[in-house]
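Worksheet: the structure to be examined is printed underneath.
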C-alpha cells in the first residue's frame, strides 16, 4: 500500500497512546526526515503484514532497512522524549527482527 506524501495520519498513529498537542505533531511532520522514516516504516509494516514467511534474503533486507530507520530516528531533530516513544514503537512493532 502506497502512502500519500501529505498523510499526517502516520505521525498521529505513532503517538496515539500519548497526550501530545496536534500543533507539535504538525511541527514534527514538517521535518523531512520524520516523513522518510514514517513512510519507510509504514511500507515495511505493510509488506511484512501481508507475508507469512520471509526467505533469508528478504529477512536480511528488511533487517537492514529497519537499521536504516533506526539510524534516521537517532538523527531526528526532535525532543528526546518523542524519540524514545518512536524507538519504543519500533522495538515493539519489530521485536522479532533483533534491531
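Any read-out appearing in this document is the output of simple, stated calculations on the displayed coordinates, not a laboratory observation. What you see is a predicted model, and the numbers here were worked out from it, not measured in a lab.
Of note:
- Hydrodynamic estimate: the Kirkwood radius of the chain over Cα pairs, inserted into Stokes-Einstein at 20 °C and 1.002 mPa s, corresponds to D of 152 µm²/s.
- 222 nm mean residue ellipticity, helices alone, for the chain (DSSP H n ≥ 4; -39,500 (n - 2.57); rounded to 500): -21000 deg cm²/dmol
- Based on Cα contacts under 8 Å between residues 6+ apart, the chain shows a relative contact order of 31 percent.
- Cα-based helix-to-principal-axis angle, 32-50 vs the chain, degrees rounded to 10: 40
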